[in-house]
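Read through the structure below, which is laid out as structure tokens, and then see the notes.
The values are calculated or read from the model by the stated rules, or taken from the named source; none is laboratory data. Given the structure is predicted, the values throughout are model-derived calculations rather than measurements. Note: ideal-geometry Cβ built from the backbone for every residue, glycine included; neighbour counts use all protein chains shown.
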Amino acid sequence: MPNIERRSFLGLAMAAWPLAVLGQAAKSTTPASATFVPAGEDRSKEKHVIGVSSTAFKIATADTNGGLFLFEHTNHGKKGGPPRHLHHHEEEWFYVIEGDYIAEVGSERFHLKPGDSVLAPREVPHAWAFVGNTPGRLLVGFIPANKMEAFFVDNEKRRQDGHYVDDPAVFRAYGMELLGPPLTVE
């Protein structure tokens, strides 16, 4: 498929992704009431620190019967991101709210700025990093949610000296593969 056709297809797929999530959520047996999470707050009013960012869970796995897990990363000057990895059972979607990020999905590298998004399909290696000089906020979603919320909660407990212990066995236990170090950030 020529690059321009592929980019158009990917753009259409990324635009349709939230609609697919909403359609799946509508079919679930979740409560009929809305779930409101104020700006800057976490779904369960907890504080999460994940890697080089603070994180607010916006849609919990239970909110959609496992259809979606969505959270917001907030970066305040610390550059970097997670190690290169892949998911066997989930797509991972990134949407930049503010700041500058880079993402590598497969062999493609993207410079992401506010309003940009990129989808990392399951089984495709990927990594991202905050590279901005101003605060950054990145919305990250997993469809289906599977064990991703549990992974982040568990990984928070594994921190040593402010850093995660990247353990391939832990990644495998949550349906992922750890493939390499984080992206190099200057």
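Observations, loosely collected:
- In this structure, Gly77 does not satisfy being assigned to a loop (DSSP other than H, G, I, E, B) and under 20 Å from Lys58 (Cα atoms).
- Long-range neighbours under 6 Å by Cβ, at least six apart or interchain, first residue without any contact (Cβ under 8 Å) to a residue 60 or more places away in the chain within segment 81-100, second in a loop (DSSP other than H, G, I, E, B) and of a type in the set (A, V, I, L, M): Asp100/Val131
- In the condition set (1) among the charged types (D, E, K, R); (2) touching a residue at least 40 places away in the same chain (Cβ under 8 Å); (3) on the phi > 0 side of the Ramachandran plot, Glu104 is compliant with all but (3).
- Whichever residue in segment 50-80 is at positive phi and not polar (S, T, N, Q) and, among such residues, is nearest to the chain's Cα centre (by Cα): Gly51
- Looking only at segment 100-120, and only at residues there that are assigned to a strand (DSSP E or B) and not aliphatic (A, V, I, L, M), the one that is farthest from Ser54 (Cα to Cα): Glu108
For every residue, the table says whether it meets (1) in a strand (DSSP E or B); (2) within 15 Å of the chain's Cα centre (by Cα); (3) closer than 18 Å to Gly106 by Cβ.
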position	(1), (2), (3)
Arg122	no, yes, yes
Trp128	yes, yes, yes
Thr134	no, no, no
Leu138	yes, yes, no
Ala150	no, yes, no
Asp154	no, no, no
Asp166	no, no, no
Ala169	no, no, no
Val185	no, no, no
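- Hits in segment 93-128 - residues which are in contact with a Gly (Cβ under 8 Å, 6 or more places away or on another chain) and acidic (Asp, Glu): Glu98, Asp100
- Filter result for the condition that a residue is buried (at least 17 other Cβ atoms within 10 Å of the Cβ), closer than 14 Å to Ser53 by Cα and of a type in the set (A, V, I, L, M, F, W, C), over Phe94, Phe130, Phe142, Phe151: Phe130
- Neighbours by Cβ (under 7 Å, 6+ apart or cross-chain): first from segment 35-59, over 20 Å from Thr134 (Cβ atoms) and at pLDDT 85 or above; second part of a loop (DSSP other than H, G, I, E, B) and of a type in the set (A, V, I, L, M, F, W, C): Arg43/Val37; Arg43/Ala60; Lys58/Val37; Ile59/Leu68
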